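Colleague: Pasting in a structure now, in structure tokens, and then I'll have a few things to ask.
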Amino acid sequence: MREYAISMARKKQTPNKDRILIVDDDPVIMRVLEANIRKQGYQVNTALTLDDARQFLDENDVDVVLLDVMFPEGPSLDFFDENIGPHTGYQVIMLTSSDSVELAVEAMKMGAYDYIRKPVEFERLFTAIGNALNVAKAQKEIAQLKKNLIEKYQFKKIIGESKPMKKLFEEMTSLLDKSTTILIQAESGTGKELVAKAIHYSGKKSKAPFVAVNCAAIPAGLLESELFGHERGAFTGAITRHIGKFEQADGGTIFLDEIGEMPLNAQARLLRVIQEREFERVGGSVKVKVAVRIIAATNQNLSDMVEQKRFREDLYYRLSVFPLVIPPLRERRDDIALLVAHLLYKYQEDNESEPHEISPEAITMLVRYRWPGNVRELENVIQRALILSGGEPISRTHLPIELQTRSRKSVKAFRSGVAVIDDDLQEVRPFEAIEKDVLEQALKATNGNISLAADQLEMGRATLYRKIKKYNIGE
């Protein structure tokens, strides 16, 4: 008796977290199954009716369900299809008598893992449970890996783990709950609005309005009315009062995209709003006060526009209290494979299709391409490749011809050094960028051997160490 007590105490110290749910309307069979399965160290819960099972599954996590095929109200196939079949978090083993085997086989076609005949052979049952648990765990691990992939590498929906993106994420994080005016500077296709939304929806005011305005898409004569609203009769066709975007965004964020396209007269009114946090509707005299965070964005060089008298200098300095620069895709090549994986997963989810694959050669071509259209262009290329591949793994033949002709960059290590070969003659890069690439490739080619790399580069070790430190290589 004492030995038994010690044995039970040890089991309690290391409980098995695997949970089994038994669903059977026969209480005698239920007790026998429960007692024997508990002896194997599993957590066991029971349900005598399908309604009880439905409620338990809605409220608890389960790894394996033992489900009787027949109940007083009829076969449990409809219950299985409605409550278990669509889920992938646990596996189902059907319990069947000799005259209901066909129903159990039908359940397996619907997604059940296995079936066991009554009277139950426990050795067979325990093997089936063990195998089903392995499948359930594998599915949960895959689901968790997908979740971790999204959570680890994105700021909301922004994918990236490269140094430039980590720097951007740090700056974005510092702005979440600030009312500071922000100026996002980036090329087209980099995701300026995505960054603005991430800042807004990740902060404490995420439930407040987020209003986006494309300044380039609104005719110059209507932009002020669109931003600040107008009173009835303010101009021909103004038959009612119109509430502008700034009022709609009160308490939240207004995103002014393509701010460089804003006419000078609208710039003057915007400057007053930033300074005073109030404005008058077009045709009105009543002051309207707003508490709005302004995030502006442009793909133009506003400082050049200021020199050309096309953009107000005072507005430029008001907008650029905190400038954010989104790096173009060519400066964050380390993220391309990750972005491709994310896009393939996204399209798989959207289309409820099988997982998509892409060849290493195709990935290499994608990484080497310059991406003048940035992430937007990458997304279009992947969508096109998926259509052309017809469900087969994406290969280089499914990629646009411009990728195949403009991505011929290779780096080769020679005994006397490293040669950078670039057939894209349209690319002009700073010397320091080229030098950094050469050093990185030399170290890679020599497996990090400083002496050997210095020898092949025909430079002293001290010089190589200094340049490694200068370019932060390997950090």
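Taken together, the values in this text are just the output of simple stated rules run on the coordinates, not laboratory data. Please read all numbers here as calculations on a predicted model, not as lab measurements. Heads up, the Cβs are rebuilt from the backbone with ideal geometry, glycines too, and the neighbour counts pull from every protein chain shown.
Colleague: Could you pull out which residues in the range 297-341 have an amide N less than 12 Å from a spot 7 Å beyond the Cα of residue 392, following the Cα-Cβ vector?
Modeller: Within reach of a label on residue 392: no residues.
Colleague: In which sequence would 190, 240, 46 go, from the one with the fewest C-beta neighbours within 10 Å to the one with the most?
Modeller: In increasing order of surrounding Cβ atoms, one gets 240, 46, 190.
Colleague: Moving to a separate point now. When the chain is fully extended, how far beyond the present Cα-Cα distance does residue 317 get from residue 304, taking 0.36 nm per residue of separation?
Modeller: Result: 3.4 nm gained on full extension.
Colleague: In addition: Could you give the length gained on full extension between residue 81 and residue 29, defined as 0.36 nm per residue of separation minus the Cα-Cα distance, in nm?
Modeller: Length gained, residue 81 through residue 29: 16.3 nm.
Colleague: Next up: So, R0 is 41 Å and r is the distance between the beta-carbons of residue 17 and residue 331; what FRET efficiency does that work out to, to 0.05?
Modeller: FRET efficiency, residue 17 to residue 331: 0.35.
Colleague: Report the Rg/Rh value for the range 330-406, based on alpha-carbon coordinates and the Kirkwood definition of Rh.
Modeller: Using Cα coordinates only, the ratio equals 0.93.
Colleague: Just need the relative contact order of the range 330-406 here, percent rounded to a whole number, with Cα pairs under 8 Å and 6+ apart.
Modeller: Relative CO of the range 330-406 lands at 35 percent.
Colleague: Enumerate the amide H contacts of residue 66 below 5 Å, restricted to partners 5 or more residues apart or on another chain; note that Pro and chain-start residues carry no placed amide H.
Modeller: Amide H neighbours of residue 66, under 5 Å, 5+ apart: 21, 22, 23, 93.
Colleague: Between residue 324 and residues 5 or more places away or on another chain, which pairs have amide H atoms under 5 Å apart, with H built 1.01 Å from N, and which residues are they?
Modeller: 183, 184, 185
Colleague: Something else: For the pair residue 214 and residue 180, how long in nm is the line joining their label points, each one 7 Å along Cα→Cβ?
Modeller: It is 2.9 nm.
Colleague: If you don't mind, another one. Sort out for me the Cα centre separation of the range 55-79 from the range 245-284, rounded to whole Å.
Modeller: When both Cα centres are located, 59 Å separates them.
Colleague: If you plug each phi of the range 446-452 into the Karplus form 6.51 cos²θ - 1.76 cosθ + 1.60 with θ = phi - 60°, what whole-Hz ³J(HN,Hα) values come out, in order, with x for Gly and Pro?
Modeller: Ordered by residue, 3J(HN,Hα) equals 9, 6, x, 7, 4, 4, 5 Hz.
Colleague: How do 285, 188 rank when sorted from fewest to most other Cβ atoms within 10 Å of their own Cβ?
Modeller: Lowest count first: 285, 188.
Colleague: What residues have an amide H closer than 5 Å to that of residue 71, excluding those fewer than 5 places away on the same chain, when H is modeled at 1.01 Å from N in the peptide plane?
Modeller: For residue 71, the qualifying residues are 76.
Colleague: Then there is this: Which order results if 18, 177, 63 are arranged by neighbouring Cβ count within 10 Å, fewest first?
Modeller: The most exposed by this proxy come first: 177, 18, 63.
Colleague: Between residue 205 and residue 126, 0.36 nm times their residue separation minus their Cα-Cα distance comes to what?
Modeller: Extra length from residue 205 to residue 126 when fully extended: 23.2 nm.
Colleague: In whole Hz and in residue order, list the ³J(HN,Hα) couplings for the range 68-77 that follow from phi through the Karplus curve 6.51 cos²θ - 1.76 cosθ + 1.60, θ = phi - 60°; x for Gly and Pro.
Modeller: 5, 6, 10, 10, x, 7, x, x, 8, 5
Colleague: Let me ask something additional. What are the lysines whose alpha-carbon lies under 21 Å from the alpha-carbon of residue 17, with same-chain residues fewer than 8 places away excluded?
Modeller: 39, 137, 140
Colleague: Explain nothing, just compute: Karplus ³J(HN,Hα) = 6.51 cos²θ - 1.76 cosθ + 1.60, θ = phi - 60°, for every residue of the range 331-344 in order, whole Hz, x for Gly and Pro.
Modeller: Residue by residue, the range 331-344 yields 9, 9, 4, 4, 8, 5, 4, 5, 4, 4, 4, 5, 5, 4 Hz.
Colleague: Looking at this model, which pairs from 444/467; 197/245; 245/346; 157/467; 166/289 are more than 25 angstrom apart at the alpha-carbon?
Modeller: The pairs that break the limit, which is 25 Å between Cα atoms, are 245/346; 157/467; 166/289.
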